[in-house]
Structures are given as C-alpha cells and as structure tokens.
Amino acid sequence: MIKRKVKFKRKTKKDFDLKWVIKITALAFFITLIFYGTSELILKQVNIFLGILVILIFILLGALFDMIGIATASASEIPFHSMASQKVKGAKTALKLIKEAEKVSALCNDVIGDICNIISGGAGILIATNIAYYYKMDSILVTLIITSIIAAGTIGCKALGKILAVNESEGIVYKTASVVKYFIK
C-alpha cells in the first residue's frame, strides 16, 4: 500500500474580526430579548391553539433562516457575476451576501435560527404547562410530548431546508438578495 501525502488547496485566509464577534453577540442578545419578550407577551394572553401557531411560526422561521445561511455558504459567485454585468437587480447584493458568507451564515444560522429554536422550545414549555393545567394532565408527560414534537418538527424542517439550500443555493441567495436589497444601502 502506497501512502500519499494529500494536499488541499488553501482558501484565502481572512483576518479574525473581533468587532464582528462582539457585534453578533450583542445582536443575538437584543434579538432574543425582543423575540422572547414578544412571544411571552403573546403567549400569556392567547389560547392554546394560537400558542401552537406561534410555535409553528418560530419553527418555520428558524428553518428558513438556517436554509438561507447554508445556501449562502454553498452558493457560487459565478452566475451572479454574469447577472451583475447584465445589470440584473439583486445580483450585486447576492454577490455581497456570498462574499460575506461566514457572516451571513453566522447571522442566519447561529443568531436568528438558534434564537427561534430556543424560543419555540420555551414557548412549548409554556403551552405544555397550560395544557396540563387546563386539562388536569401530568405536566411532565405533556411537557415531554410537546418538546419532543417541537424538536422533531424543528429537525425535520431544518433537514428539508438543508436539502433545498444545497440543491437550490443560487436561487435561494437571489431571492434573499432581492428582499435584503431593500434593507441595505
């Protein structure tokens, strides 16, 4: 058996950006504060079925942003260079997203996606507690079932999103860029 030394092509090395890490950490704190505070206010005043709808929205929102983050990290710049040269709206924004893929991915996957997952879990516990109280059921059993359903739904939606993100990355990035261009200068 012949042993070969395998060499991998090194990507361009980017500098460590401590400012970005601090910004994204602070952003995560404030987004969590806003999302969780809002969901707590809503869930305390709504019935169980509306609470379940709120949980579903957070699960789908988390999966959507996870899909966007993965699509951005796996998309190729090549079609967007061609589109930008033809002055297609959104192409330059798509290129910016792809060039900053690690930041976009961190924001989408680690900040918004993870926050939505945490909030859906917390909201699930609140809903489970309400179900157990109103229907005189064992709270541990109800919480176990509800959190298991939320976990399975989250994982299933994210798995589907990842398949779409890898197979349709350029289309997802373009659609995302078409929305994002209205929010950035």
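Using only alpha-carbon positions, what ratio does the radius of gyration of the range 1-118 give when scaled by 2.2 N^0.38 Å? Walk me through the intermediate numbers first.
Numbers: Rg = 19.6 Å, N = 118, 2.2 N^0.38 = 13.5 Å.
Normalised Cα radius of gyration, the range 1-118: 1.46.
Counting residues in the range 55-180 as N, plug N into 2.2 N^0.38 Å and put the Cα Rg over that result.
In units of the globular-protein estimate, the range 55-180 measures up at 1.33.
For the chain, what relative contact order do you get, as a whole percent, if you take Cα pairs closer than 8 Å and at least 6 residues apart?
Computed value for the chain: 32 percent relative contact order.
If each residue's Cβ is checked for other Cβ atoms within 10 Å, how do ASP110, ASP15, ASP66 rank with the fewest at the top?
So the residues, fewest neighbours to most, are ASP15, ASP110, ASP66.
How much mean residue ellipticity at 222 nm does the chain get from its helices, if each DSSP H run of length 4 or more adds -39500 (n - 2.57) and you divide by all residues, to the nearest 500 deg cm²/dmol?
-25000 deg cm²/dmol
Return the FRET efficiency for the residue pair ARG4, SER85: r is the Cβ-Cβ distance, R0 is 45 Å, and the value is rounded to the nearest 0.05. Walk me through the numbers before you get to the answer.
Details: r = 41 Å, r/R0 = 0.91.
With a Förster radius of 45 Å, E is 0.65.
Rule-based calculations on the coordinates, nothing more; no lab input. Here the structure is a predicted model, which is why all the values come from computation and not from measurement. No Cβ is skipped: glycine too gets one built from the backbone with ideal geometry, and neighbour counts run over all protein chains shown.
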